[in-house]
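Asker: Supplied in structure tokens, the structure appears directly below.
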Amino acid sequence: MAEVIRAKTAGFCFGVRKAVDSAFELAETEAELYSYGPVIHNDEVMKSLKEKGLKVIENEEELAAVNGGTVILRSHGVPERIMKLLEEKGIKYVDVTCPFVKRIHNIVMEESLERDIVIAGDASHPEVEGIVGWCRREPTVISSPEEAEEYSPSSDKGACLVAQTTFNHNKFEKIVEIFRKKSYYVSIVNTICNATEKHQTEAEEIAGRVDLMIVIGDRKSSNSRKLYEICSAVCDRTEFIQTVSELSISPDESIKTVGITAGASTPDYIIEEVQNNVRTKL
Ligand code: F3S
């Protein structure tokens, strides 16, 4: 029987757990419940919430058509204008933005009154769209050291650099180095979430000593995809699955140890199902 090593950090992080718990509680009490974008990036969790009556509003046009009920503002955060719109319409909302993301909103809101904002992140990710929506002036989103080289601030007060909470730590360090060498003033706030870092370090460590590594997560979840990238760089046999049904393993003598980790939006029961399945097959 293969030894199974499950990462201690696998699964829900603090922010996601908080958001999911609130959403399930609201689903019990609110007659008409919406969320602006998915509460978290996990299809399974969203499916159970929808079964309990939650409706997902996909964009601002759809939001404009909503005239009542309660709207959950997703864990990745939303632009300020969404809150304003809801207030204008007199619609109740519950903000389940992770406090670490909220901190970034507050930083950029204040700093952008004086200087330019540079966000290290993926411009198309909802978290970054949310951060952009709290800046008092148009920010610049960069995703690589090369883009950091090309950047120069338009304000004589320099720039403030923040990062998407799931941004790669090493890449951020490289970007910081580049900014430090520039002649303009730059205020640097490392806003990468600790949970992500711990998650990634533990996954890499486990993947480095097992024969098979399983990463469980939703394909839309950026932190899950990053875990897969990190693990597959150190373990040739790394599988990325959403649920146990995608796991295709058969008895194999060469597999003596199996590592399991899961993205921050993967619920415990899915991790357990995978773990049990591995135990029965290997
Ligand atoms: Fe928040 Fe960090 Fe999770 S930013 S949502 S605790 S990965």
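Asker: Can you give the accessible area of Asp21 in Å² (nearest 10), computed on protein heavy atoms with a 1.4 Å probe?
Answerer: Counting only protein heavy atoms, Asp21 exposes about 80 Å² to solvent.
Asker: Give me Rg/Rg_expected for region 55-195, where Rg uses Cα atoms only and Rg_expected = 2.2 N^0.38 Å with N residues.
Answerer: The value comes to 1.12.
Asker: Ignoring ligands, DNA and RNA, what percent of the 1.4 Å accessible area of region 99-160 is carbon and sulfur? Show your work: numbers first, answer last.
Answerer: Details: 1340 of 2880 Å².
Carbon and sulfur together cover 47 percent of it.
Asker: Kindly write out, for region 116-127 in residue order, the coupling ³J(HN,Hα) from the Karplus curve 6.51 cos²θ - 1.76 cosθ + 1.60 (θ = phi - 60°), rounded to whole Hz, with x marking Gly and Pro.
Answerer: Result, ordered by residue: 6, 10, 10, 10, 8, x, 9, 4, 8, 7, x, 4 Hz.
Asker: Would you kindly find the accessible area of Met46, with a 1.4 Å probe and non-protein molecules such as ligands, DNA and RNA excluded, rounding to the nearest 10 Å²?
Answerer: Roll a 1.4 Å probe over it and Met46 shows about 10 Å².
Asker: Then there is this: Below 9 angstrom from the Cβ of Gly77, what's the summed charge of the other residues (Lys, Arg +1; Asp, Glu -1)? Don't skip to the end; give the middle numbers.
Answerer: Numbers: positive: Arg74, Lys102; negative: Asp95, Glu127, Glu129.
That sum, taken over residues with Cβ under 9 Å, equals -1.
Asker: Something else: When averaged across all projection directions, what area in nm² does the alpha-carbon convex hull of region 14-96 cover?
Answerer: Hull-based average projected area comes out at 4.8 nm².
Asker: Work out Dmax and Rg for the chain from the C-alpha atoms and quote the Rg first, both in angstrom.
Answerer: Just the Cα atoms of the chain yield Rg and Dmax of 20.6, 64 Å.
Asker: OK, next. Which one of Cys13, Ser144, Met83 has its Cα pushed farthest toward the positive end of the charge dipole of the chain, where Lys and Arg give +1 and Asp and Glu give -1 at the Cβ?
Answerer: With unit charges placed on the Cβ atoms, the residue in question is Cys13.
Asker: Between Ser152, Ser265, Ser221, find the one with the highest GNM mean-square fluctuation for the chain; connect C-alpha pairs within less than 10 Å.
Answerer: Among Ser152, Ser265, Ser221, the largest mean-square fluctuation in the Gaussian network model of the chain belongs to Ser152.
Asker: Still on this structure, please answer the following. So how do Glu28, Glu253, Glu44 rank on accessible area, 1.4 Å probe, biggest first, that is with the largest at the start? The partial results should precede the final answer.
Answerer: Values: Glu28 130, Glu253 155, Glu44 50 Å².
Result, largest first: Glu253, Glu28, Glu44.
Asker: Ratio to report: Rg/Rh of region 240-282, with Cα atoms as the point set and Rh obtained by the Kirkwood method; give two decimals. If you can, show how the numbers build up before the last one.
Answerer: Working: Rg = 10.6 Å, Rh = 11.1 Å.
Result: Rg/Rh = 0.96.
Asker: Restricting things to Cα coordinates, could you compute the convex hull volume per residue of region 1-56 in Å³?
Answerer: Looking at region 1-56, the number lands at 104 Å³ per residue.
Asker: Considering the Cα positions of region 160-233, please state its Rg to one decimal place and its Dmax as a whole number of Å.
Answerer: Taking only Cα atoms of region 160-233, I get Rg and Dmax of 14.9, 49 Å.
Asker: Accessible area per residue of the chain at 1.4 Å probe, in Å²?
Answerer: 47
The values are calculated or read from the model by the stated rules, or taken from the named source; none is laboratory data. All values reported here derive from a predicted model rather than from experimental measurement. Cβ coordinates were reconstructed from backbone atoms using ideal geometry, including for glycine residues, and neighbour counts include every protein chain displayed. Note: accessible area is taken over every heavy atom of the protein model, side chains too, but ligands, DNA and RNA are not part of it. Shrake-Rupley method; radii C 1.70, N 1.55, O 1.52, S 1.80 Å.
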